[in-house]
Structure formats: C-alpha cells, structure tokens
1. Quick check: with the 1.4 Å probe, what order do Arg47, Arg32 take by accessible area, largest first?
2. Does region 42-110 come out rounded, prolate or oblate, given a ≥ b ≥ c as the square roots of the eigenvalues of its C-alpha gyration tensor, rounded meaning a/c under 1.5 and, failing that, prolate meaning a/b above b/c?
3. In Å², what does the accessible area per residue of region 38-103 work out to with a 1.4 Å probe?
4. Excluding ligands and nucleic acids, what accessible area in Å² is computed for Tyr88 using a 1.4 Å probe, to the nearest 10?
5. Which order do Ser67, Ser96 take when ranked by solvent-accessible area (1.4 Å probe, heavy atoms of all protein chains), largest first?
Amino acid sequence: MKTTIKLVALLIALLTALLLCIGCYNEANRVRTNLAKEADAFNCVRRVTVVDCITNIVLFQCEGKISITADRTDNQLEILIEEEGGTYKKAIVGLSDNVTYLVEDIYSSYVNPYQYTIMWNPKMVLPFDAKLSD
C-alpha cells in the first residue's frame, strides 16, 4: 500500500514537472532554436562586424553564409564561411575587453516554429548495400 502511494506521488510530481517544462518552452524559443539551426546549416546570409569600441573602427567584416562560434575559453570568435562549390573558409577573430562583434541575419530563410525534422542515417537502419539493376 505504501509503495503504491509513493508511486502515485512520484508520478504526480513527474507530471507536474513535465507540464512546467512544456509551459516554459514557448514559440520564441522554438523560433530561436530553428533560426540557429538554419544559420549553422549555412541556409541564412549573415553579416559579422567586429568593432574596436575605443576607436569605433571596424576591424573586420564579412558577409555570406556564415556559422559562428564564440569560444569563451580562448576569447575568440570562430567564423566558418561557405563559398560557392561547397568549399569553406575559417576566420578567427581575437576578442578583448574593447572589441565586440555584431551578427546580423540579412536574408533569413523561413522558419516554421512548429516544424521539426528527424534525420536517420540509412546505413544504420538498413545495414546493407543496395545495388540498382536496369
């Protein structure tokens, strides 16, 4: 009897926690997550501008299909740029107390806040090689 009461109490607590988590995850968070994924997949055109805040001089600027990562341990901004033909360039910008950066989405792709994608590696699902015959 005590085990059943404990189990019911645990299930109620888990359900309450789940409902609270679902309520916290709103549309803005979904859109923010989807935009970040689209940008990291090089589907958005962005502009990155690095500015010296003391002199107001633009130190670096690039535009294109860009993915960025702020590496806080090394105080640097790592920028990956996709070029035509599927080639990539990497730029690393050192950050300091007086250097800041701005990332703008110039041409964003449409992001559906309700859409999600599940991708499977076909070799994991069907572990054999298929050969087509005429």
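The values are calculated or read from the model by the stated rules, or taken from the named source; none is laboratory data. Values in this document were obtained by computation on a predicted structure and should not be read as measured data. Quick note on the areas: whole protein, heavy atoms, side chains included, nothing else; ligands and nucleic acids left out. Shrake-Rupley method; radii C 1.70, N 1.55, O 1.52, S 1.80 Å.
1. The ordering from most to least exposed comes out as Arg32, Arg47.
2. prolate
3. 63
4. About 120 Å², rounded to the nearest 10.
5. Ser96, Ser67
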